Amino acid sequence: MRRLGHSLLGAAILLALALAGCGDLRAGSAVNTSESTITTGPVTIATDHSAYAPTDTMNVTIVNHLAQAIYAVDTQASCSILSLEVQQAGQWGSSDALHCPLGRAAMIVKIEPGATYTVSVGAGVMSIGKSHALPNGAYRLVLRYYTTPPSGATQPTATAINSATLTVNGSVPSSEGTIPSATSMAQPSK
């Protein structure tokens, strides 16, 4: 009897692991099988996929490989420390599609040396009531970080790093609304 209990427990664990790896199995949803992405450098940005449906959530991991802490300002895309850019006519520009509706002053987020910071970004992350969807297109997430905390009196120079290009493609279910403000404003050349 004890051996049967261990066999059933082992089978249950394997089944749970297999289902966990399948992603979202709700009726009508497809499993995202696109590759994950990761940047290289002293601070990295990794995403769970490279392509998303308009209503998907992007799970993002930032790792600080520096020997010192880094600081970033929240209230960016989906109220995270990452801003969203969209590509239009071959140019990258800011997108306000995932603006932060919190209505509070931005807070400084500190990521210690060797630490990992995870966040979810997407059209449904901060939605209240009706869900929204990102318009189809090419996007990237941008982290602007500082090696000293910014304050009102001193504004250190930010270092910007980009995620890999992320594709949003698919049809929007009729119960969802496309976010209308996915316009881009080209960034000035420096």
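The values are calculated or read from the model by the stated rules, or taken from the named source; none is laboratory data. From a predicted model like this one, the values you see are computed outputs, not experimental measurements. Every residue, glycine among them, receives a Cβ derived from its backbone with ideal geometry; neighbour counts consider all protein chains shown. All accessible areas refer to the heavy atoms of the entire protein, side chains included, with ligands and DNA or RNA removed. Shrake-Rupley method; radii C 1.70, N 1.55, O 1.52, S 1.80 Å.
Return the only residue of Ala164, Ala160 being within 21 Å of Ser78 (Cβ to Cβ), aliphatic (A, V, I, L, M) and either open to solvent by 50 Å² or more (accessible area, probe 1.4 Å) or modelled with pLDDT under 85 (or both).
Within the list Ala164, Ala160, the selection yields Ala160.
Considering only residues that are open to solvent by 80 Å² or more (accessible area, probe 1.4 Å) and outside any loop (DSSP other than H, G, I, E, B), look in segment 117-157 and name the one that is nearest to Gln88 (Cα to Cα).
Arg144
Which condition breaks for Val109 when tested against (1) part of a strand (DSSP E or B); (2) touching a residue at least 40 places away in the same chain (Cβ under 8 Å)?
Just one mismatch for Val109, condition (2).
Looking at (1) small (Gly, Ala, Ser); (2) under 21 Å from Val43 (Cβ atoms); (3) surrounded by 14 or more Cβ atoms within 10 Å (Cβ to Cβ), which is the only condition Gly114 fails?
For Gly114, the exception is condition (3).
For every residue, the table says whether it meets (1) surrounded by fewer than 18 Cβ atoms within 10 Å (Cβ to Cβ); (2) in a strand (DSSP E or B); (3) not hydrophobic (A, V, I, L, M, F, W, C).
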position	(1), (2), (3)
Gly41	yes, no, yes
Ile45	no, yes, no
His49	no, no, yes
Pro54	no, no, yes
Asn59	yes, yes, yes
Ile62	no, yes, no
Ala67	yes, no, no
Ser78	no, no, yes
Glu85	no, yes, yes
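Given the conditions (1) in a loop (DSSP other than H, G, I, E, B); (2) open to solvent by 20 Å² or more (accessible area, probe 1.4 Å); (3) closer than 17 Å to Tyr52 by Cα, which single one is not true for Leu98?
Every condition holds for Leu98 apart from (2).
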